[in-house]
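Enquirer: First the structure, which I've put down as C-alpha cells, then a few questions once you've had a look.
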Amino acid sequence: MKRKDYTQALTLGFFTGWYDSIVNLMGFGKRYYAKAADYIQPGDRDSILDVGTGTANLAIAIRQKYPRVKVTGIDPDKEILEIAKKKIKKEKFDIELINTPAQKLPFPSESFDFVVSSLAIHHIPKSFKKESFSEMKRVLKRNGVILIVDFGIPKNFFADIISFILSLLEDVGPNRKGLIPNALNDLGFKDIKEVGNKFGLISFYKARK
Ligand SMILES: C[S@@+](CC[C@H](N)C(=O)[O-])C[C@H]1O[C@@H](n2cnc3c(N)ncnc32)[C@H](O)[C@@H]1O
C-alpha cells in the first residue's frame, strides 16, 4: 500500500501502538463504540463492513452486541491491522480483516447489509474521498444502511474551536463544512439523518441506499 493512499491513525505512525489508550483518554472508549453499534439494528447473519477499522474497536463492539452477524474490517495500514488481529485473536472474535483502502474495496457490488465507519473519513486523503464514498455505496445492498461517525458541522463554540485546531493537523476542514451529509446526498442516499452527536463535535450520520 502506498503511504499517499492513506493517513495513519493519529497522523504520525509512531503513535499507532498507543492508539487505543490515547483515544480512550480522549473520550473514545468502549462506551463510544457501543453507542455507535446501537445505531444499527442488523438481523442475524447480516453482513457488516467497517471502513478504516483501525484497531477494530467498532467491529468488535458490533460483534459483541450482535454475535450472529458477519463483520469485515478494512484498513490500508498493515501496522494497525496487526494490533486489531491480536485483539480479535485474544477475544476469539470471528472478524475478517483485509488490508485495503476505502477507495479500492475488493468486494462485488451489493455485498453488505451495512457499511459503518468511525473517525476514518477525515483520514482518507482528499483526492480519494469521493471515490471512497462511491465505493461504500457500491458494496452496499439495495436498502442497505450506512453509518458514518466522524467530525461533523460543529454544534457549539468549543466544538468549533477544537475542530478548527484539528483541521490544521488533519483533514477535518471538509467535515466542518458538511462533507459527509453532502457526499451522501450527492450519491443519492435516502433518509440522511444525523442520529447522534458527541461533544457537539462528532456526528453520527445514518442513511439508506
Ligand atoms: C482515527 S483512525 C480510526 C480507527 C477506527 N475506525 C476507530 O474508530 O478507532 C483512522 C483510520 O483510518 C484509516 N484510513 C486512512 N486512510 C484510509 C483510506 N484511504 N481508506 C480506509 N481507511 C483509511 C487509518 O489507517 C486509520 O486506521
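Enquirer: Which of rounded, prolate or oblate describes segment 1-120 when judged by the alpha-carbon gyration tensor and an a/c cut-off of 1.5? Provide the component values of the computation, followed by the final result.
Expert: Details: a/c = 1.72, a/b = 1.19, b/c = 1.44.
Verdict is oblate for segment 1-120.
Enquirer: Using θ = phi - 60° and the Karplus relation 6.51 cos²θ - 1.76 cosθ + 1.60, list the HN-Hα couplings for segment 195-209 in order, rounded to whole Hz, with x at every Gly or Pro.
Expert: Working through the residues one at a time gives 8, x, 7, 10, 6, x, 10, 9, 9, 9, 9, 10, 7, 10, 6 Hz.
Enquirer: Hey, got the Cα dimensions of segment 56-101 along the principal axes, in Å, largest first?
Expert: Principal extents (largest minus smallest coordinate, Cα): 26, 20, 13 Å.
Enquirer: Turning to a different aspect of this structure: Only counting other Cβ atoms within 10 Å, I'd like I202, I83, I62 sorted with the fewest neighbours first.
Expert: Numbers: I202 22, I83 18, I62 27.
The most exposed by this proxy come first: I83, I202, I62.
Enquirer: Helix-only estimate, please: 222 nm mean residue ellipticity of the chain, summing -39500 (n - 2.57) across DSSP H runs of length 4 or more and dividing by its residues, to the nearest 500. Spell out each step's value before the answer.
Expert: Values: 8 runs with 76 residues, N = 209.
That comes out to -10500 deg cm²/dmol.
Enquirer: Longer than 25 Å from Cα to Cα, which of K35/K70; K129/K198; K86/K130 are they? Say none if no pair is. Before the final figure, lay out the partial values.
Expert: Numbers: K35/K70 19 Å; K129/K198 23 Å; K86/K130 32 Å.
Pairs exceeding the cut-off: K86/K130.
Enquirer: Let me ask something additional. Quick one: in segment 3-208, what % of C-alpha pairs are over 26 Å apart?
Expert: Details: 5529 of 21115 pairs.
So the pairs more than 26 Å apart make up 26 percent of the total in segment 3-208.
Enquirer: Here's another thing I want to ask about it. Restricting to the chain, compute how many DSSP beta bridges are antiparallel as a %, nearest 5.
Expert: Details: 14 of 34 bridges.
Restricted to the chain, the bridges split so that about 40 percent are antiparallel.
Enquirer: Using per-residue counts of other Cβ atoms within 10 Å, averaged over each peptide, order 29-38, 171-180 from highest down.
Expert: Values: 29-38: 17.2, 171-180: 18.9.
Highest-to-lowest ranking by the protection proxy: 171-180, 29-38.
Enquirer: In whole percent, what relative contact order does the chain give with Cα contacts below 8 Å and a gap of six or more residues? Each step should come with its number before you reach the end.
Expert: Numbers: 396 pairs, mean separation 38.2, N = 209.
Relative contact order of the chain: 18 percent.
Enquirer: Past 20 Å, Cα to Cα, is the threshold; run K104/K141; K4/K190; K65/K87; K126/K155 against it and keep the listed order.
Expert: Numbers: K104/K141 17 Å; K4/K190 32 Å; K65/K87 17 Å; K126/K155 24 Å.
From K104/K141; K4/K190; K65/K87; K126/K155, over 20 Å: K4/K190; K126/K155.
No value in this document is a laboratory result; all are computed from the given coordinates. This is a predicted model, so every value here is computed, not measured. Here Cβ is always computed from backbone atoms with ideal geometry, including for glycine, and neighbour counts include all displayed protein chains.
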